[in-house]
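Below you'll find the structure, written out as structure tokens, and then a few comments.
Every read-out reported here was derived from the displayed coordinates using simple, explicitly stated rules and does not represent laboratory data. Just so it is clear, the structure is predicted and the values come from calculations on it, not from any experiment. All Cβ positions, glycine included, derive from the backbone under ideal geometry; neighbour counts span all protein chains shown.
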Amino acid sequence: MRLKSLEIKGFKSFAEKTVINFSEDVIGIVGSNGCGKSNIVDSIRWVLGEQKTKQLRSDSMTSVIFNGTSKRKAAALAEVSLRFENDRGVLPTEFQEVTIKRALHKDGSGEYYLNGVKCRLKDINNLLSDTGMGSDSYAIIALGMVDDLLQDKDNSRLKLFEQAAGISKYKIRKKETLRKLKQTAEDLERVEDLLHEVEQQLKTLERQAKRAKRYLELKAEYKQLSIDLQAIRIRGLRKDYSELEKKMAQEQQQIQKQQGEQELEQERLRSAKREQLEKEQRLSAAQQKLNQLIGRIKGLENEQKMKAQEALFLQQNKEKLLDRLRSGKERLAAAQQNADRYAQQKKTEEEVLEILSDALYEAQEQLAKIRSEHGQLKIEVEQFLEEQKSMQERLVQAEKEMAVYETEQNNLKKQYRQIDERLALRAEELKAVELAYRESASELQTQKGILEGLQQAEEIRKNELESVEQQLESESQVLQQKNRLLDAKSNEKKLLEDLVKSMEGYAQSVKFLHQNDSWTDKPTLLSDLFYCPEEYRLAVENYLSPYLNYYLVQTAEEAYKAVQLLEEAEKGKANFFILDWIAPKDEKQLSVPGARAVLELVDYEADYEALAQQLFAQVYILEEGQERPAQSEGHFLSKDGKRSFGPYSLKGGSVGAFEGKKIGRKKNLALLAEEIELLQTEVSGLQQTVDELRLRQKQLRQADRSREIQTAERGHQQLLQKHISLEGKLEGFEQFKAETKSQKEQLRTELKKIRNDKREIEGELEFQEDQLEQLQRRLGKKNMAFKEQAQELSQASSQYNQKHIEQLRQQNRLEGLDKEWQFAQRQAQELQQQLKEDQEALEEGEKKEQSLLLAQEDSQKQLQELYEDRQLYKARLSDVEQQFFSGRGEIQTLEEHWEEGQKQLQKRQELYQLQKERFAELKMQLSNIAERLRIEFELQLSQLLEHEVQSELPEKELDQKVEQLRLRINNYGAVNEMAIEAFDEAKERFDFIGEQRQDLIEAKDSLMQTIDEIDDTASKKFMEAFEEAREHFIRVFRSLFLEDDTCDLLLSDPQNPLESRIEIIAKPKGKRPLSINQLSGGEKTLTATALLFSLYLLKPAPFCIFDEVDAPLDDTNIAKFNNIIKDFSANSQFIIVTHNKKTMAAVDVMYGVSMQQGVSQVIPVDFRMLQPQ
């Protein structure tokens, strides 16, 4: 059996797939520090199932996966495969080659493989068990482990010896058996508690089952009679239902027929209204045409006025032009005369040139001044003309607006009159509506008072019913609680009576004396003497537990009689307190903070004062959270009964389920009887209150006035609808009045505005006319001034020209004469041109005047035609108005006829609604019965219709019988209907748990026997292996040191070898060290080597791995180390990780480990090929 190969990939520094073949006996692994040598040892330990990351020199298990370098990415998983050659059958499998493989992924998940088949870690451990090849076996030793072995850290020596002795499997079996034993003991304790609990439940459930059985019988009878009663009621309701359904169908046909007639009548009304609307539209169209015609007439009349004004203007302009023509001709004649005169003066006035020159200068200045004034005056005249034209246009526009306002004013007055007419017509309707409204309000108020009275009474009834039901529910809950408490107390009393009677928990001798009263009149036990509050009962009972079975006797003779009876009956022994022997103890109780004296808490009869003082003197109960005072001589008890402190002792532990139940049983029984009697009185009073409340509840339910309220509500609703309808009509009339008032107000506002605007326009007209008249007067004055200025200008010009001519003539006769003549000619031409333009303007004005006269004649003809059309339109409008008012009367007649039919239809619908409500009420009653049957009895209505009534009682008696049964069921109180089934299940469970208890007791005995057998077998094998290993250790130790050196292995506890520590005695080279720690490092290593090889001799491991174990050894000891490895290599394969050159030289094959760029690589070297021939 040996290792064949190791394959590593992605494990720690071995990023690439690396294969190491172990084909020789001694293999060495060498390399520099940090290159990954120890990672090979870690990989072997890891693949064999190592789970401790500390042993793998890692923080977590995933840290063994190659984490990458600066030039190489991290691996996704780590894989290690170890192949064995199983030629000696060391591994319990038929395979000659066994390969163990382990893989680990980055997410922490991993797998194990055995010969390529996925398996569990447990399978690997089972395969390697007791072979010396586990991950924690003595086959893999590191330098640190050598020190742990010498220091016996975590009892490591014993573990190695257990592996070598092959008793690991026995220890595992014992550990599993102890775990099973502990689990069995826990199960047994739980079963005991459960059995007691089920037994208590069984007694309670038996009583509840009997009560539930009677309750179910009552419910079955109640169900049968209730179903019979509801079947009778349903048949009656179904009969009423069918008859009412037929009546409703007939009434609905009548309603549909009348609705059809009303729809026809309404259609005729709609048709009449549509025709009336068309008439109204025709009336509006005729009125609109007439208004348009009147507007056109007004427009033409205004246009005539404007043309008359324009003719007047043309006439005035014509007169002005004639005046200008006459003036121009005169000026022309004067200009010609001046030219002639200037010509004559030129000839005669040459010699007076100088005088004329001065005069010429003055004349020139005068002429310039006159010309300037003439030009300014001309501009002003033109401005006056423009202003006059603008005023005339504004005057014409104002007259047009005046005509439009008059038309609008007439229209508004007409609309105002029409509104007054409509208002008068609606006022007659209002009187009838107001009378009906007052009558409706009176009826509505009366009906409202009746309804509010009924509702108030019903509200009072509902509030009282709700109050009674709440009180009933509250009292019922209290009654149920009191009944449950009474049942609990009665059960507790009965249980206590049974315990007192059966003397459960007492010895057979105590029971015998209690049943035999020949030795004393009244046997009294100490447990019955004292009574204390429940919260201190555990502490007091645990303190008195040694004396609870003691009988109290007055004299010793009574005790002797009892003892004699026990001897004769062979019933055992009993203890007695002899009161005559107990002296009073007058000892003052101490005041201890956080504690109370027991004598202050217990209750007992005065005859037993001395006994109480003897028992409880200086005994105190500590409050919760308090500790025993230091330096106190008294007894202190914890309140929960778990600890008891004596002056120099402590007693404590768990508290049993029945502790605290013995002390004061009789006293507790008497208190329970008083409490039960008080509870019975309370229950009786509560039951009477509940009965009274139920009676009042029934009375209040029978006084239901919902139907009367519904009838009153329907009447009130009808009156309210009528009242609302009348109120709507009144509101409609008020709204109509408000609208007409608003319209009238708006019309008055518009009329007022039109009058104001009209007055403003009239004032503006008068103002414009005054302004125009003033402007015309000013224009006349300006024209006269202009003419005068023109004459002055002409005269000044003549004088200037004359003098200038005279001067020129004097200078140059011919030139001056010619210029003067040209001037005179030019002036004449200008006057002639002016006369020509004025003549043309005059002719144009005459043409316009003629055209205006023709237009006035045409307008007059159009006006005459429009006046005739206006008379025709007025006649048509009168006809249309008569048709409109006639149609409105017909519509009113149709509306009255339709409203009468609507009232009759409404009455039929109200009757149908009442039938429908009755129908819904019957349907609701049937539905309520069906719902009640479904909820209460899980019975469908269809099943009830097929039900045959079995009861022969009349419906009324049957109803009373059902009500009585219901009250009996309700008064039955809380009933556990599942008690019967629960009792059967509890009984079955009790029997089953009893069988389990017996099985657990047998299993516990079997496990105890198994543990004894395992201990015997394992101890025997261990001692045999220990003695053999001891002999091997002495021999190997002396071979490594000297033959005379002293060494030995000793057990610190030979009587319990499986738990004993193993001591090493090593005294090499004549030394006498007091402990192994006083040896040198090399001596320690050789001592550990001797111990390991002694175990190899006892049970050789297929392979051994030493990781730098030889580091502390010198050259001499290295030789000894290599020699012993050489000797043992015949039976075991050695893999040595070393830095020592002599160890390197001693191996058969050496693997060199190097690291490049953070990745480890392995290079094999076979030294045998280098040996000399």
Nearest-ten-degree value, helix 556-569 long axis tilted from longest Cα axis of the chain: 80
Note, the stretch 1141-1150: 3J(HN,Hα) by Karplus (6.51, -1.76, 1.60, θ = phi - 60°), whole Hz, Gly/Pro = x, goes 5, 5, 5, 4, 5, 7, 7, 7, 10, 10
What is the percent of Cα-Cα separations in the stretch 823-922 that go past 15 Å? 83
How high is the relative contact order of the chain, in percent, with contacts defined as C-alpha pairs under 8 Å that are six or more residues apart? 27
Ranked from fewest to most other Cβ atoms within 10 Å of their own Cβ, Trp519, Trp898, Trp46, Trp581 fall in the order Trp581, Trp898, Trp519, Trp46
What residues have an amide H closer than 5 Å to that of Phe576, excluding those fewer than 5 places away on the same chain, when H is modeled at 1.01 Å from N in the peptide plane? Tyr551
Which ³J(HN,Hα) values, rounded to whole Hz and listed in residue order, are derived for the stretch 603-612 from phi using the Karplus coefficients 6.51, -1.76 and 1.60 in 6.51 cos²θ - 1.76 cosθ + 1.60 with θ = phi - 60°, glycine and proline given as x? 10, 7, 7, 5, 5, 10, 4, 4, 4, 4
Take each of the peptides 8-15, 164-171, 731-738, 538-545, average the number of other beta-carbon atoms within 10 Å over its residues, and list them starting from the highest. 8-15, 538-545, 164-171, 731-738
Cβ-Cβ cut-off under 14 Å around Asp1114, Lys and Arg +1, Asp and Glu -1: the net charge is +2
In degrees from 0 to 90, rounded to the nearest 10, what is the angle of the helix 955-971 Cα long axis to the longest principal axis of the chain? 60
Quick query: amide H of Thr53 versus all other amide H atoms, modeled in the peptide plane; which residues come in under 5 Å with a sequence gap of 5 or more or a different chain? none
Cα centroid distance between the stretch 836-879 and the stretch 4-56, in Å? 134
For the stretch 33-83, run through the trypsin sites (Lys or Arg not before Pro) and keep only the ones in DSSP coil with at most 16 other Cβ atoms within 10 Å of their Cβ. Lys52, Lys54, Arg57, Lys71, Lys73
Antiparallel %, DSSP beta bridges [both residues in the stretch 1063-1173], to 5: 60
Burial ordering of Phe1093, Phe990, Phe645, fewest other beta-carbon atoms within 10 Å first: Phe990, Phe645, Phe1093
Principal semi-axes in Å for the stretch 506-661 [√(5λ), Cα gyration tensor, largest first]: 31, 18, 13
How would you rank Asp42, Asp193, going from fewest to most other Cβ atoms within 10 Å of each one's own Cβ? Asp193, Asp42
Helix 37-47 vs. the chain, principal-axis angle (Cα, 0 to 90°, nearest 10): 90
The chain: antiparallel DSSP beta bridges as a percent of all, rounded to 5: 70
Out of the DSSP beta bridges found with both residues in the stretch 506-661, what percent are antiparallel (nearest 5)? 60
Sequence neighbours fewer than 8 away in the same chain don't count; with that in mind, list the lysines whose C-alpha is under 21 Å from Lys71. Lys9, Lys12, Lys17, Lys106
Using only helices, what value at 222 nm comes out for the chain when you add -39,500 (n - 2.57) per DSSP H run of length 4 or more and divide by the total residues, to the nearest 500 deg cm²/dmol? -25500 deg cm²/dmol
Would you kindly derive the ³J(HN,Hα) couplings of the stretch 149-164 from the backbone phi angles with the Karplus curve 6.51 cos²θ - 1.76 cosθ + 1.60 (θ = phi - 60°), listing them in order in whole Hz, with x for Gly and Pro? 5, 6, 7, 6, 5, 6, 6, 5, 4, 4, 4, 5, 5, 4, 5, 5
Magnitude of the Cβ-charge dipole of the stretch 506-661, K/R +1 and D/E -1, about the Cα centre, nearest 20 debye? 580
Can you pick out the pairs among Lys219/Lys462; Lys37/Lys1142; Lys1067/Lys1141; Lys213/Lys667; Lys213/Lys493; Lys494/Lys522 whose Cα atoms lie more than 26 Å from each other? Lys219/Lys462; Lys1067/Lys1141; Lys213/Lys667
Heads up, the chain by the C-alpha gyration tensor (a ≥ b ≥ c square roots of eigenvalues; a/c under 1.5 rounded, else a/b over b/c prolate, else oblate) looks oblate
Using only Cα atoms, locate the centre of the stretch 1086-1107 and the centre of the stretch 582-655, then give the distance between them in Å, rounded to an integer. 65
